[in-house]
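The values are calculated or read from the model by the stated rules, or taken from the named source; none is laboratory data. None of these values were measured; they are calculated from a predicted model. We place every Cβ from the backbone using ideal geometry, glycine too, and count neighbours over all the protein chains shown.
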Amino acid sequence: MRTVYVNGEYLPEHEAKISIFDRGFLMSDGVYEVTTVLDGKLISFDGHAGRLLRSLRELDMSPPCDMDELLGIHRELVRLNEIENGLIYLQVTRGSDGDRDFVFPDPEATKPTLVMFTQSKPNLANNPAAGKGIKVISIDDIRWGRRDIKTVQLLYPSMGKMMAKAAGCDDAWLVEDGKVTEGTSNNAYIVKNGRIITRELSNDILHGITRAAVLRYAREAQMEVEERSFSIDEAKQADEAFVTSASTFVMPVVEIDGTPLGDGTPGPVAKRLREIYLEESLKTAI
Ligand code: PMP
């Protein structure tokens, strides 16, 4: 049984409770982060803490604690749950003032809710899907306009994964105005003639922590990187494609809307970036 964290307490998971009036539950009024644990250490903690503070600021929410304390809670959960490889999920909501109202409660009187739990994933780094690559479908991106804020409004991404599953695929790429924004829970890339192409940062996509690291490592390895949007047609004609996220690292994409990319197996750029990412992020894990 897991030990989870709720507002200052470490509790067995079935004893952890939050109010039914919590705005995270009633209004999706909350933000989250997912940090990976490899060999018992946290990957890119500073990046996740920085993005959390930015998400909170954009929604006029105050941080539930300082970031050193947050690091301490992450480490304590890793220790208590004996996590060697896995994920730490963190959610901050605007809390509850004991009733339902669209208007934000007084921030002086209502404290944010902080919930954290672990998910053990022993095979995180040797995920068999990485050897085969994943198949994606494209669907309309009908999400709201502030995808740079990591909110807990995950209904449409969930529906996108269900649509992919119904089509016999693994995930969906979201398309707006003819261009791919990102995957349901990852950033999207294509590779053409050795050049890595991924959408530029804006309010249209989440600023992936893995994206930032992978692009840095790619540039350090003298690979060409172009930050611009691309269409599904361009992607189908690419040599290879991949997605990145904290939990999947660099995951090759081998098929888009039924069209295989290249020879339909993971491409060399995605494979190399996955290796570099795993090696480099372990070096800086804390
Ligand atoms: N885009 C979306 C929509 C996501 O949900 C995620 C993962 N939460 C990402 C991109 C990747 O972000 P990160 O590399 O920080 O996990």
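Among the residues examined, Gly208 does not qualify as among the small types (Gly, Ala, Ser) and more than 15 Å from the chain's Cα centre (by Cα).
Report yes if some residue within the range 88-110 is out of contact with any helix residue (DSSP H, G or I) (no Cβ under 8 Å at 6 or more places or on another chain) and not in a loop (DSSP other than H, G, I, E, B); otherwise report no. Checked the range 88-110: at least one residue is out of contact with any helix residue (DSSP H, G or I) (no Cβ under 8 Å at 6 or more places or on another chain) and not in a loop (DSSP other than H, G, I, E, B).
In the range 27-47 there is at least one residue matching the filter, namely being within 16 Å of the ligand (Cβ to nearest atom), within 20 Å of the chain's Cα centre (by Cα), of a type in the set (D, E, K, R) and in a helix (DSSP H, G or I). Just so you know, in the range 103-147 the residues that are among the charged types (D, E, K, R) and under 30 Å from Glu9 (Cα atoms) include one that is modelled with the lowest pLDDT, and it is Glu108. If you check Leu206, Leu174 for being part of a loop (DSSP other than H, G, I, E, B), within 11 Å of the ligand (Cβ to nearest atom) and under 20 Å from Arg147 (Cα atoms), only one passes: Leu206.
Every residue in the range 156-171 that is part of a helix (DSSP H, G or I) and either acidic (Asp, Glu) or surrounded by fewer than 20 Cβ atoms within 10 Å (Cβ to Cβ) (or both), please. Walk me through it before giving the result.
Of all residues in the range 156-171, those part of a helix (DSSP H, G or I) come to 156-166.
Once the filter is applied, which keeps residues that are part of a helix (DSSP H, G or I) and either acidic (Asp, Glu) or surrounded by fewer than 20 Cβ atoms within 10 Å (Cβ to Cβ) (or both), the range 156-171 yields Tyr156, Pro157, Ser158, Met159, Lys161, Met162, Met163, Lys165, Ala166.
Scanning the range 244-281 for residues being more than 22 Å from Thr35 (Cα to Cα), β-branched (Val, Ile, Thr) and out of contact with any strand residue (DSSP E or B) (no Cβ under 8 Å at 6 or more places or on another chain) gives a total of 1.
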